[in-house]
Each structure stands twice: as C-alpha cells, then as structure tokens.
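The values are calculated or read from the model by the stated rules, or taken from the named source; none is laboratory data. Predicted model, so just to flag it, every value in this text is computed and none were measured. Positions of Cβ are backbone-derived with ideal geometry, glycine not excepted, and every protein chain shown enters the neighbour counts.
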Amino acid sequence: MRIDVVTIFPGYLAPLRESLLGRAADAGLIEVALHDLRSWTHDVHQTVDDAPYGGGPGMVMRPQVWGEALDAVIASDSRPPRLVVPAPAGRSFTQATARAYATEQRLVFACGRYEGIDQRVVDHYSRQFPVDEVSIGDYVLVGGEAAVLVIVEAVARLLPGVLGNPRSAAEDSFSDGLLEGPAYTRPEVWRGQAVPEVLRSGNHGAIARWRRDRALERTAKRRPDLLAALPEDRLDAADQAF
Ligand SMILES: Nc1cc(-c2ccc3ccn(Cc4ccccc4)c3c2)n[nH]1
C-alpha cells in the first residue's frame, strides 16, 4: 500500500516512520510519502489560507494551492487513490472503515488546518476518485495530522505481515462487535489482587465463556450502542443475560 500525506506540518507525521509502521515500511508493506503543501505556493509568504467568504472567525485553506498539490501528488504514482480528508464534520471513522481502507492500493491524505479546506477541493476530486471526509471522534482538533496518524495506524495493523501476532488484529476489540474484556499476566497476585481463577484453570471452554461474558458485560456498561447494533445472530442463548 502506498500512502501520501499532504500537510503544512510534515514533521508532525514523522512518527509514521517509527516502530510498527517503520518496520512495515522497511518490509515494503507500506510506502509512506510526506508532502509539504507550501511547496505548491508561489508567493514569498507561501500563503495557504485566506479569509472566509461570508465572514466569520478564522481562515480557510485556498483551493488553488490544494489543487496544484493534489494534482501533482496523485500523478506521482500510477495506483488509483482514495482521497481521505479528516474533518470534524466527516463520517465517523470506525473499525469497518479501517478494514475497507486496508484493501486499498493507495490512500492520499489531505491534512487541513485553520477552519478547513475550501469545499470545492473535495467537490472537484469527488468527480474523479473516491473521496472521504472522515472524523475520528466527537471532539475538535486543530488540524488533520493527528487524525492521519490514528487512521494510518488503525489501517496498517490490518495489513498482513505488519503485526507480529496476526491473531490479535482478527480477534481484537470491535472485530466481533464487542469491547475487549480484561487481560492479565504474571504475577498471579499483585498488590493483593489475584488473577481470576478460571484463567488459570486450563479449562479452555470455561475460559472462552468467561472472556465472552466479561466482553459482553463491559460492552453493555460502556457502549450499549454497540450491543444494540449487534446482529441478532451474533448473540447466542448464553449471551442473553446481557
Ligand atoms: N475528529 C476530528 C477531526 C478534526 C479536524 C480535522 C481536520 C481539520 C482541519 C482544521 N481543523 C480545525 C477545525 C476546527 C473546527 C471546525 C473546522 C476545522 C480540523 C479538525 N477535529 N476532530
């Protein structure tokens, strides 16, 4: 997978080259290219923003600069892109979105700042490529860069070979629609708290049941919306207690 990120703060995306993603990049599983939006300005001040039509606070990012940048970046690789534009008003980015993005050959991220990017940029490219405006949560950031770090990590971990332990991607939170239950490791007792007996019983059936019950209990308490959204056939008779 090739990932391009256009931003006025390329340094912010440096972590994409570290650790998990660094190894994936070294293994050729993911190719990450960072592009400074200001490279496509032509004035001495490298202006990327202007006052909003209709008035109001803050500034809006200029369409001309974004158009030149995205034309150049998209043309720099033959793989057809999905354009991803983080935005507070975007559709929610979920594990399902991450799974869908993991099947893409190429993702091009447009990181806005200020009050966002002139809408005509999204409208223009939506006529040629799939374009998603995505929100990573119901809170307001200052720009799209942090969202790109989140999205790229959630997607990259699903690519074969990126995670050391592939089982965890398939069986982690949200994969079965439930939250992860509690996890334990040695020592058996820590500060007077013992590991639940069943986990040391060696009874794999009882362990699986206990883990499912803890996941259902936690989901019912913390995210009843996820439980309500579960298809009927995903809950068996033993689950009905939640
Ligand atoms: N989930 C999520 C995404 C963002 C986000 C993404 C990109 C940008 C570009 C500029 N801003 C600042 C902004 C604040 C308010 C209104 C509009 C823009 C952004 C915020 N916030 N929260």
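A few remarks follow.
- Residue within segment 207-222 that is part of a loop (DSSP other than H, G, I, E, B) and without any contact (Cβ under 8 Å) to a residue 24 or more places away in the chain present: no
- Qualifying positions in segment 105-154 - of a type in the set (K, R) and buried (at least 19 other Cβ atoms within 10 Å of the Cβ): R113
- The helices (runs of 4 or more DSSP H) falling completely within segment 61-128 that include 3 or more residues that are under 20 Å from F9 (Cβ atoms) and out of contact with any strand residue (DSSP E or B) (no Cβ under 6 Å at 6 or more places or on another chain) map to 63-75.
- Scan segment 229-242 for residues that are part of a helix (DSSP H, G or I) and closer than 12 Å to L178 by Cβ and the total you get is 3.
- Hits in segment 1-44 (condition: of a type outside the set (D, E) and in contact with a His (Cβ under 9 Å, 6 or more places away or on another chain)): V5, V6, T7, P10
- Number of residues in segment 125-145 that are more than 12 Å from the chain's Cα centre (by Cα) and either over 21 Å from D36 (Cβ atoms) or aliphatic (A, V, I, L, M) (or both): the value is 13.
- Evaluation of E180 against (1) outside the structural domain of L34 (by TED's automatic domain parsing); (2) not in a loop (DSSP other than H, G, I, E, B) (one fails), failing number: (2)
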